[in-house]
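Each value in this text was obtained by applying a stated rule to the coordinates, not by laboratory testing. Keep in mind it's a predicted model, so treat the numbers as computed, not measured. All Cβ positions, even for glycine, are placed from backbone atoms using ideal geometry, and neighbour counts span all protein chains on display.
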Amino acid sequence: MQIPVEGFMYPNEVELQWSVLIVLYPFITGLVAGAFILASLERVFRVEAVKPTYRLALLTALAFLLVAPLPLQLHLGHPERSLEMYLTPHRSSAMAMFGFVYLWYLMAVLLLEIWLDYRRDIVLKSQSTTGITRLFYRFLTFGSSNISERSLRIDDRLGYTITLIGIPSAFMLHGYVGFIFGSVKANPWWSSPLMPIVFIFSAMVSGIAAVMLLYMLSASLRGKEIDMRCVDKIAQYLMYTFIIDFSLEMLDLIQRIYEADESFRSLDFMVHTRLWTSQVIVQMLLGTVTPIALLALTQLSNFKELIRRRIYAIAGCLTVVGIFAMRWNVVIGGQLFSKSFLGYTTYKMSFATREGLLPAIVLMLLPFAFLWVLVKLLPPWPDARPASASGTAPAHGTT
Amino acid sequence: MDITRRRLLVLLPAAAVAWKYIQAGTPEAAPNYKIVEHWWGMLIDIPKCIGCGSCVRACSEENDVPDGYFRTWIERYHVPDWKIERPEVESPDGGKQGFPPNEISDGKNFFVPKLCNHCQDSPCTQVCPVGATFVSPDGVVLVDKSYCLGCRYCVQACPYGCRFINPKTNTAEKCSLCYHRITKGLTTACCEVCPTGARQLADLKNPKDPIHEFLKTHTVQVLKPHMATGAKVFYNGMDGSVR
């Protein structure tokens, strides 16, 4: 397949190395980190209003985290050797640490926090169900079936501590992904100390927007009333985080324009041509300025509930699309120009190949399938919490 | 030390991990070759290069380089007058078949052969997640293709565009400075065929190597010195427009 080239590329540069799958990787881990940070708002910072989304946010984070390594795995030339990253990690490599950061976050933070939060429900379900379901829930108790008030209080305290550890871990998970790109000194489009922090804030933005959308969608599907106090609060946080994220990105942009180093002319031309649609139109105008303006509008005016809901839905969707475009522009944009700064190549996305559009779509749908299963097994809705025979109230939130 | 069953269970995985480390850092062996007595690099004399493409062809044949990929290539520069920031550069098929006659008469025209710079502080080896690419004790950056994951991070990290993914092996590949030849006392395939001596293999640890005299008497540069990679491919007569 002939790849159109403009100007001069080093001969080995013509073919892009990182495809749409590598765009998914920071996008998915961003959703994980963002969803978890939203959950921690309620747990650590006692933002009571967002409580209805607490468990949904945790399950969303888990569903996406389970999928996060798959695009990487699919992209590797030798996926069968990927375990070598655990066995013989190269300590100077930012990528080598991914396995450890991922495992830490999955095992030590997310799974443990979800288990502690759901333990009471799991125990009660293991008592109230029959057959295979009973065996399944009994297995999930891991032999810990004491749900006395004292025991639940310990769960709660432990969960709180894990969330405290989880917040920097979520920052580390995604800030580290930013570092993978930001530390490549050969590539001026990526190389920036701001990259990890921009990634963290954009992660928060995408995660908060995704959970907000999922909460509104799930409430509609279940025929339940949307808790507007909750959604209003989430939208408010979304706007604040988005403003910080946008400011950081603008800071990076202004710095680049003002410094105008040797790469500037080449990158500037790329933004005005090959990345114009994905960066300026989709990421900046549609995916950033528009949702911020819409969210700001809801803060300044007293719209009716229905209108607010619609605005939040539109702003949420645009936000997620905008953050995806941001990941695309970072990953793909960073490979479209030559390191000689004398030319540009083109990204030709195939369809039904290992790194094509089809696997990317499947990988994007997979977390929703996982989430559906998780929601069935561990319902996150406050009204779906099983009551114990003795009427023991859940400890969470009571201490 | 008594080896109990329990101790053996602990020792075996530890030994396996240690062995992997040893393997990852062990270059191809050659008899009578003392690895610590060498520190390899290359000298490229730009005014001598005629852009014939012999080096690219020789490299391709010697190392079975797939079509469309290059361990070494030649660029033709045309620098119109004072516009050294915007040179016109071309490298059709990596210069493998030479270059068509140049019809532009104004400004400067010259050829620049490129290859891996075998950097002392190479960014490509720094980022490899499993250490499959490494700097050998004699200063050659090598790839262990039996160990490489094919994650392509090293390709991204190389500032000079010297790496590619071999479609046959799905692993990273680059100039090995013909390691299989130089450890047997031969020169590289590209240096051997160069009709003008524009490429010279250099052993920087060997005091008798003519490179030392050349470096004393000529002004040489490395590519992209601001990258601080410790590149060991030295260019004589390199124009400021080359990148």
Likely footprinting exposure, B:I3, B:I50, fewest C-beta neighbours within 10 Å first | B:I3, B:I50
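Excluding the sites themselves, what is the longest stretch of chain B that contains no GluC sites (Glu not before Pro) in a DSSP loop with at most 13 other C-beta atoms within 10 Å?
Values: sites that count: B:E28, B:E85, B:E103.
Here the longest segment lacking exposed loop sites spans B:104-243.
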Amide H proximity to A:S350 below 5 Å, modelled H, separation 5+ or other chain, gives A:L357
Mind checking the dipole of the stretch B:43-85: about its Cα centre, +1 per Lys or Arg Cβ, -1 per Asp or Glu Cβ, Debye to the nearest 20?
-> 140 debye
Once the dipole of chain A is set up from charges on Cβ (+1 Lys and Arg, -1 Asp and Glu), the residue from the list A:A293, A:L267, A:I311 lying farthest towards its positive end is A:I311
Calc'd 3J(HN,Hα), the stretch A:82-92, phi into Karplus 6.51 cos²θ - 1.76 cosθ + 1.60 (θ = phi - 60°), Hz, glycine/Pro = x, comes to 5, 5, 4, 5, 8, 6, 10, x, 8, 5, 7
Among all the lysines, which ones have a C-alpha under 21 Å from B:K34's C-alpha, if same-chain residues fewer than 8 places away are not counted?
-> B:K184, B:K205, B:K208, B:K232
Could you let me know the centre-to-centre spacing of the stretch A:1-78 and the stretch A:85-156, using Cα atoms, in angstrom?
-> 22 Å
Rounded to the nearest 10 degrees, the helix A:112-128 long axis (Cα) sits at an angle to the longest Cα principal axis of chain A of 40 degrees
By Cβ neighbour count within 10 Å, fewest first, A:M228, B:M42 rank A:M228, B:M42
HN-Hα couplings for the stretch A:300-307 via Karplus (6.51, -1.76, 1.60; θ = phi - 60°), in whole Hz with x for Gly/Pro, come out as 8, 10, 9, 7, 5, 4, 4, 5
Fluctuation leader among B:L186, B:L142, B:L43 - chain B, Gaussian network, Cα springs under 10 angstrom = B:L186
For chain B, find the longest principal axis of its Cα atoms and tell me its angle to the long axis of helix B:54-63, 0 to 90°, nearest 10.
-> 20 degrees
Under a Gaussian network model of chain B whose springs join Cα atoms within less than 10 Å, the largest fluctuation of B:D138, B:D67, B:D121 belongs to B:D67
For chain A, state the average projected area of the convex hull of the C-alpha atoms over all orientations, rounded to one decimal in nm².
-> 21.8 nm²
Neighbour cut-off at most 11 other Cβ (10 Å), DSSP loop, chymotrypsin sites (Phe, Trp or Tyr not before Pro), the stretch A:1-71 = A:F45
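Counting only GluC sites (Glu not before Pro) that sit in a DSSP loop (anything but H, G, I, E, B) with at most 16 other Cβ atoms within 10 Å, what is the longest stretch of chain A containing none of them?
Within chain A, the longest run free of exposed GluC sites (Glu not before Pro) spans A:1-224.
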Once the Cα atoms of helix B:5-24 and of chain B are each reduced to a long axis, what angle between those two axes, in degrees from 0 to 90 to the nearest 10, is obtained?
-> 10 degrees
Hey, can you grab everything whose amide H is under 5 Å from the amide H of A:G343? Only 5+ residues off in sequence or another chain; H modelled, so Pro and N-termini drop out.
-> A:F8, A:S338
Value of D in µm² per second that Stokes-Einstein yields for the stretch A:1-153, Kirkwood Rh from Cα pairs, at 10 °C (1.306 mPa s) = 84 µm²/s
Highest GNM mean-square fluctuation among B:A132, B:A30, B:A172, for chain B with Cα springs under 10 Å, belongs to B:A30
Phi-derived 3J(HN,Hα) across the stretch A:179-189 with the Karplus relation (6.51, -1.76, 1.60, θ = phi - 60°), rounded Hz, x for Gly and Pro, is 5, 3, 7, x, 8, 7, 5, 6, 10, x, 5
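Just flag the chymotrypsin sites (Phe, Trp or Tyr not before Pro) in the stretch A:137-203 sitting in loop per DSSP whose Cβ has no more than 10 other Cβ atoms within 10 Å. Each step should come with its number before you reach the end.
Working: sites: A:Y137, A:F139, A:F142, A:Y160, A:F171, A:Y176, A:F179, A:F181, A:W189, A:W190, A:F199, A:F201; in loops: A:F142, A:W189, A:W190.
Here the sparse-neighbourhood loop sites are A:F142.
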Here the relative contact order (percent) of the stretch A:38-113, from C-alpha pairs under 8 Å and at least 6 apart, is 23 percent
